[in-house]
Every structure is written in C-alpha cells, then in structure tokens.
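*Asks:* So that we are looking at the same thing, I have put the structure below in structure tokens.
The values are calculated or read from the model by the stated rules, or taken from the named source; none is laboratory data. Nothing here was measured: the structure is a model prediction, and the numbers come from that model. Cβ: placed from backbone, ideal geometry, glycine included. Neighbour counts: every protein chain shown.
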Amino acid sequence: MDLGHARRQCVLVALLADANGVVPVERLADRVWGERPPERARETLYSYLSRLRSAFAPARERLRIERRPGGYLLALDPSAGIVDLHRFRSLVEQAREQPGDERAVVPLERALALWRGEPFASLESPWLNDLRGALLQERLAAELDRNDLRLRHDRHPGLLGELTVGAERNPLNERLAGQLMLALCHEGRSAEALRHYEHFRRELASELGADPGAELQRLHLRILDGDPTLGRP
C-alpha cells in the first residue's frame, strides 16, 4: 500500500494515535506541522486525507478514514491485529494480568518482537517527536517487566548482555541499574555489581543532583553484606 510522502504519513499517524476517535482538523494540522503550518494548510490537509482514503479503499472493511462533524476518524478494530502498536499494547496488558507468573514472559517477548527500531523514524514534527519518546518509554517499561520475570525465574541466557547494553542507553534508569546489579550477583560477580552501583550513583548525582532511591540502596547494602539469597534463584 502506497502511503505517499512523509508529511502524508504524518497525517495517518496523527489519526492512528486516536484510532476510532474523532480528531479535529485543527489538531490534525498541529500534529503534522506544529507552529509552522504552510499557507493553505487546510487545503493541503484535505488533499492528504483524500489520497489516504483512496489508498485504504481496498481494505475499507478493516481500515478506513471517515469524515465526521468537526474532524476525521480512523476506524479500525484494535483486536484485529492490523496495527503493531495495538498488538504490542494488548500483549503487554495480557502479561500484566498475570503479575509475577513465569508464563507472562511469553506475551512480553512477543510484544517486544514487534518492534523494528524507533517508531516513525523517518517522520518529523514536534508532536511526533513527543509521541515517539512516549512510545519508547512504553517499550522500555515492557522490557523492564520482562527482565524482572527472567531474573525471578532464572531465565538468564543472554540477559546480562542485554542489561549491560540497556544500562548504557539509559544510564539514569534506576530500575535497570538494579536489574543489572542483580544479574551480576546471579553470575557470582558481586564486585562488578558494587562498581556499577558506584558508577550509577555518581552519574545520578552529576546529572540530577540526586541519590539512588531506597530500593536500590537496600540492594547495595545486601550485596555489601554478602546476602546469599542474591545468587541464582
């Protein structure tokens, strides 16, 4: 399906973010161009919408753009699995309905496997940049949930490497720092876990002027005390 150039794809994403809800024309324009719309922005927007509606015509039973009073609506069935974002959120919700259960790892792995790099990487607008950041935080939250389960249930293959990379990408994420420290302890590398804590503490103080939270401090003390329960579960 040919969705056209980047700006037209921005219109689609702007509708997709509120799928099955009416998005006012003014809000669509703001999401696509921000504070610097082109001349004749409404006419340009209507042209983009018309072309998108034509592109979706063969699949209109599953996905279609409708004109409604006050704006436009992208009509679709979220349970149909057409949109990866909806499938991702559904799988994450499925996992969170069974907290702590080892079986929750499977839907989380399936959810994370749907990702292919950064969302909408070729598209650009102030609103889209904010949306991209929010979606990346959703992915990180799912990764952290999965990490907790893998640590708790001793599903370790490859986890230490993934946590190391994750900590490098998110150097101020306290939950991730704790997971890496715990994984190192599971591998009998308590000294490295303590070094990572000191590195994290310095980074946090330098960037935010803050100390690690109570939970991470407790983990640090348990490692210092040689808590035997910090080995593999």
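*Asks:* Residue check: is Val22 under 27 Å from Pro107 (Cα atoms) and buried (at least 16 other Cβ atoms within 10 Å of the Cβ)?
*Replies:* no
*Asks:* So for the stretch 17-34 (the condition being touching a Ser or Thr at 6+ places or on another chain (Cβ under 7 Å) and at positive phi), does at least one residue qualify?
*Replies:* So far as the stretch 17-34 goes, yes, one or more of its residues are touching a Ser or Thr at 6+ places or on another chain (Cβ under 7 Å) and at positive phi.
*Asks:* Right, something else. Which strands (runs of 3 or more DSSP E) sit wholly inside the stretch 16-92 and have at least 3 residues that are in contact (Cβ under 8 Å) with a residue 40 or more places away in the chain?
*Replies:* Where strands (runs of 3 or more DSSP E) fall fully within the stretch 16-92 and carry at least 3 residues being in contact (Cβ under 8 Å) with a residue 40 or more places away in the chain, they are 22-24, 71-76.
*Asks:* When the stretch 1-13 is examined, which residues are found to be under 17 Å from Ile82 (Cβ atoms) and assigned to a helix (DSSP H, G or I)?
*Replies:* Gln9, Leu12, Val13, listed by residue number.
*Asks:* Do you know which residues across the stretch 191-216 are surrounded by 14 or more Cβ atoms within 10 Å (Cβ to Cβ), part of a helix (DSSP H, G or I) and either modelled with pLDDT under 95 or within 28 Å of the chain's Cα centre (by Cα) (or both)?
*Replies:* Across the stretch 191-216, the qualifying residues are Ala193, His196, Tyr197, Phe200, Arg201, Leu204, Leu216.
*Asks:* So, Leu73, is that one crowded, with 17+ Cβ neighbours inside 10 Å and out of contact with any Phe, Trp or Tyr (no Cβ under 8 Å at 6 or more places or on another chain) or not?
*Replies:* Here the answer is yes, as Leu73 does meet what is asked.
*Asks:* Looking only at residues that are of a type in the set (D, E, K, R) and either more than 24 Å from Pro157 (Cα to Cα) or under 27 Å from the mean Cα position of the chain (by Cα) (or both) in the stretch 217-233, which one is surrounded by the most Cβ atoms within 10 Å (Cβ to Cβ)?
*Replies:* Only one residue tops the list, namely Arg222.
*Asks:* Here's another thing I want to ask about it. Looking only at residues that are of a type in the set (D, E, K, R) and in contact (Cβ under 8 Å) with a residue 24 or more places away in the chain in the stretch 154-190, which one is surrounded by the fewest Cβ atoms within 10 Å (Cβ to Cβ)?
*Replies:* Going through the qualifying residues, I end up with Asp154.
*Asks:* Here's another thing I want to ask about it. What's the number of the only condition in (1) more than 15 Å from the chain's Cα centre (by Cα); (2) closer than 14 Å to Ala142 by Cα that Arg53 fails to meet?
*Replies:* Tallying (1) more than 15 Å from the chain's Cα centre (by Cα); (2) closer than 14 Å to Ala142 by Cα, Arg53 fails exactly one: (2).
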